[in-house]
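J.: Following this message is one structure expressed as structure tokens.
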Amino acid sequence: MDSPVSAEGPAQFQAHEAAAEAFRSVHDRAPAGVWSAPGRVNLIGEHTDYNDGFVLPFALPHRIAAAASPRDDQLLTVSTLGSDGRIQQADPLEIPGLTPGGVEGWAAYPAGVAWVLRDQGITRGADIVLAGDVPTGAGLSSSHALECAVSLALLGLNGQELDEPGTPDRMQIARWVQRSENDFVGAPTGLLDQTASLCCTESHVLFLDVRSGQAEQVPFDTAAVGLRIVVIDTRTKHSHSESGYGDRRRGTERAADLLGIKALRDVPLADLDATLERLPAELVPLVRHVVTENQRVLDVVALLHEGRLKDIGPSLDGSHTSMRDDYRISTVELDTAVEAARAAGALGARMTGGGFGGSAIALVPESKVEAVEASVTEAYEREGWRAPRTFVAVPSAGARRDL
């Protein structure tokens with residue numbers, strides 16, 4: 001799900017500086033600190049996270065920052081700087097009284113974080129002002145960036161600074177953020193987005209085994225081999241809390257129950273055909289996608305280890321086909337973007353994120369970036385659709401304290 005935080009200002013926009021300035025505007029004083037977290041792109045491995053599988057995301061340079069100061073009471077005040085330069089303020093929230101379903105709209109995201117951290121003994125109030133440039137509604141995980149930034153702010157204000165001895169590690173914070181999303185906001189998300197926002201590093205993709213929590217930073221320097229990852233924001237919004245996402249998650253969980261396994265991660269690719277024969281027809285395509293998508297992640301990681309970045313395109317294409325035909329979460333806008341990118345020279349392309357709108361990515365030779373962007377834009381013009389937003393995604397650093 002995506003938050004309302006968005007500021008599409010100049011290219012040199014700095015989220016932490018904007019948040020600090022907005023805090024001074026709201027509270028007439030400097031914040032005690034500023035923490036930020038990035039949006040993410042998932043290179044491959046979609047809808048595998050809640051099936052105990054494998055994912056391969058990287059962090060974007062686009063970030064959401066939380067400027068914050070402690071209060072002497074147990075109130076949480078949250079404001080956000082919009083793309084129009086205006087500040088929107090939510091009603092103050094009493095941390096001891098927070099309950100799932102008790103907060104509506106965008107304020108539910110920071111409230112959910114405070115609700116989870118309350119169980120960790122953090123009940124002191126805080127003033128928080130948010131600013132950022134993660135595109136909203138684009139499937140690039142702006143809501144998780146918001147939640148991760150707020151988590152770091154509330155922890156930091158209570159003397160638990162990220163990566164300090166004796167403080168919660170990044171994976172633990174990711175699990176807390178997931179709980180806030182699942183149990184407070186009511187969105188059945190997996191662990192991919194939170195982990196990516198917190199744990200990714202510059203010039204790498206994060207190979208995460210969701211079941212074990214084992215993570216590996218795999219080099220992914222596209223520029224060094226003359227390639228770029230182009231993100232194509234279709235500007236058609238989606239929401240993970242809508243029925244489509246939840247239906248598919250429940251379907252995969254039902255399939256695992258029928259097969260007598262913990263999760264679809266446990267279906268070997270070699271046994272896939274025989275396994276599918278044991279399932280109701282409506283569950284077959286869901287299981288086929290998850291099992292083959294896990295294998296595609298492993299295939300891409302193997303190619304990256306061999307330095308064969310240019311050869312991952314067919315896996316990206318296969319992923320999109322699987323999400324379109326088996327998981328049925330693509331849209332005509334996403335399919336058009338993928339097809340137009342391939343026609344203009346992309347080595348591979350796929351939708352990324354939860355689906356039902358959002359963004360696609362394309363692996364593109366540097367010399368063909370402009371042609372790919374133009375091809376997609378022209379395809380949208382022919383259909384009479386709103387122009388897509390495109391940009392080159394650079395693998396960037398994860399969450400941190402900025403000021």
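J.: So which residues in segment 199-215 are more than 17 Å from A399 (Cβ to Cβ), at pLDDT 95 or above and in contact with a Leu (Cβ under 7 Å, 6 or more places away or on another chain), if there are any at all?
T.: Answer for segment 199-215, where residues must be more than 17 Å from A399 (Cβ to Cβ), at pLDDT 95 or above and in contact with a Leu (Cβ under 7 Å, 6 or more places away or on another chain): just F207.
J.: Can you pull out every residue in segment 38-53 that is outside any loop (DSSP other than H, G, I, E, B) and of a type outside the set (G, A, S)? Outline the logic, then answer.
T.: Initial filter on segment 38-53 (outside any loop (DSSP other than H, G, I, E, B)): 38-44, 49-51.
Those that are outside any loop (DSSP other than H, G, I, E, B) and of a type outside the set (G, A, S): P38, R40, V41, N42, L43, I44, D49, Y50, N51.
J.: Same structure again: Pairs, please: C-beta under 8 Å, at least 6 apart or cross-chain, first residue within 18 Å of S359 (Cβ to Cβ) and in segment 371-388, second among the β-branched types (V, I, T) and part of a loop (DSSP other than H, G, I, E, B)?
T.: P388/T234
J.: Taking helices (runs of 4 or more DSSP H) that fall entirely within segment 190-276, which contain at least 2 residues that are over 25 Å from R63 (Cα atoms), in contact (Cβ under 8 Å) with a residue 60 or more places away in the chain and within 15 Å of the chain's Cα centre (by Cα)?
T.: On the way: elements: 192-199, 243-259, 272-276.
Passing ranges: none, list empty.
J.: Looking at segment 72-92, which of its residues are at pLDDT 95 or above, open to solvent by less than 80 Å² (accessible area, probe 1.4 Å), out of contact with any Gly (no Cβ under 9 Å at 6 or more places or on another chain) and not polar (S, T, N, Q)?
T.: V78, I87
J.: Looking only at segment 104-114, how many residues end up being in contact with a Phe, Trp or Tyr (Cβ under 8 Å, 6 or more places away or on another chain) and not small (G, A, S)? Reasoning before the result, please.
T.: At the first step, the residues of segment 104-114 found to be in contact with a Phe, Trp or Tyr (Cβ under 8 Å, 6 or more places away or on another chain) are 108, 111-113.
Still in the list and also not small (G, A, S): 113.
Residues meeting the conditions: 1.
Rundown of residues vs (1) open to solvent by less than 10 Å² (accessible area, probe 1.4 Å); (2) farther than 30 Å from G251 by Cα, yes/no style:
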{"residue": "A19", "(1), (2)": "yes, yes"}
{"residue": "S25", "(1), (2)": "no, yes"}
{"residue": "G45", "(1), (2)": "yes, no"}
{"residue": "P70", "(1), (2)": "no, yes"}
{"residue": "G97", "(1), (2)": "no, yes"}
{"residue": "R124", "(1), (2)": "no, yes"}
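J.: Moving to a separate point now. Could you please find all residues in segment 12-37 being assigned to a loop (DSSP other than H, G, I, E, B) and within 15 Å of A153 (Cα to Cα)? Spell out how you get there, then give the answer.
T.: Of segment 12-37, the ones assigned to a loop (DSSP other than H, G, I, E, B) are 12-14, 28-32.
Once the filter is applied, which keeps residues that are assigned to a loop (DSSP other than H, G, I, E, B) and within 15 Å of A153 (Cα to Cα), segment 12-37 yields A30, P31, A32.
J.: Restricting to segment 315-329, name every residue that is open to solvent by 30 Å² or more (accessible area, probe 1.4 Å) and in contact with a Gly (Cβ under 6 Å, 6 or more places away or on another chain). Walk me through it before giving the result.
T.: Taking segment 315-329 and keeping what is open to solvent by 30 Å² or more (accessible area, probe 1.4 Å), we get 317, 321, 324-325, 328.
Passing the criteria: only D317.
J.: Just for segment 174-184: of the residues that are under 16 Å from the mean Cα position of the chain (by Cα) and more than 21 Å from F54 (Cβ to Cβ), which one is least open to solvent (accessible area, probe 1.4 Å)? Talk me through it step by step, then tell me what you get.
T.: Keep residues of segment 174-184 that are under 16 Å from the mean Cα position of the chain (by Cα), which gives 174-182.
Subsequent filtering for residues that are more than 21 Å from F54 (Cβ to Cβ) retains 176, 179-180.
Details: W176: 39, R179: 78, S180: 1 Å².
So, considering only residues that are under 16 Å from the mean Cα position of the chain (by Cα) and more than 21 Å from F54 (Cβ to Cβ), the one least open to solvent (accessible area, probe 1.4 Å) is S180.
J.: Which number in (1) crowded, with 21+ Cβ neighbours inside 10 Å; (2) free of Cβ contacts under 8 Å to residues at least 40 places away in the same chain marks the one condition that E306 misses?
T.: (1)
Yes/no per residue for (1) among the aromatic types (F, W, Y); (2) open to solvent by 10 Å² or more (accessible area, probe 1.4 Å):
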{"site": "Y109", "(1), (2)": "yes, yes"}
{"site": "D119", "(1), (2)": "no, yes"}
{"site": "D133", "(1), (2)": "no, yes"}
{"site": "T136", "(1), (2)": "no, yes"}
{"site": "H144", "(1), (2)": "no, no"}
{"site": "C148", "(1), (2)": "no, no"}
{"site": "N158", "(1), (2)": "no, yes"}
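J.: Then there's this: Being open to solvent by less than 10 Å² (accessible area, probe 1.4 Å) and not small (G, A, S) is the filter here; which residues of segment 193-221 pass it? Write out each step before concluding.
T.: Residues of segment 193-221 that are open to solvent by less than 10 Å² (accessible area, probe 1.4 Å), as a first pass: 194-198, 200, 205-206, 208, 218, 220.
If the condition is that a residue be open to solvent by less than 10 Å² (accessible area, probe 1.4 Å) and not small (G, A, S), then Q194, T195, L198, C200, V205, L206, L208, V218, F220 are the ones that fit.
J.: Same structure again: Read through the list (1) farther than 20 Å from L206 by Cα; (2) surrounded by 21 or more Cβ atoms within 10 Å (Cβ to Cβ); (3) out of contact with any helix residue (DSSP H, G or I) (no Cβ under 6 Å at 6 or more places or on another chain), then give the number of the only condition that R389 fails.
T.: (2)
J.: A further question follows. Going through segment 334-347 one residue at a time, which ones are surrounded by fewer than 24 Cβ atoms within 10 Å (Cβ to Cβ) and either at positive phi or touching a residue at least 40 places away in the same chain (Cβ under 8 Å) (or both)? I'd like the intermediate steps shown before the answer.
T.: Just the residues of segment 334-347 that are surrounded by fewer than 24 Cβ atoms within 10 Å (Cβ to Cβ), to begin with: 335-336, 339, 342-345, 347.
Correct list: T336, E339, G345, L347.
The values are calculated or read from the model by the stated rules, or taken from the named source; none is laboratory data. Source: prediction; values computed, not measured. All Cβ positions, even for glycine, are placed from backbone atoms using ideal geometry, and neighbour counts span all protein chains on display. Surface areas here come from the heavy atoms of the whole protein model, side chains and all, with no ligands, DNA or RNA. Shrake-Rupley method; radii C 1.70, N 1.55, O 1.52, S 1.80 Å.
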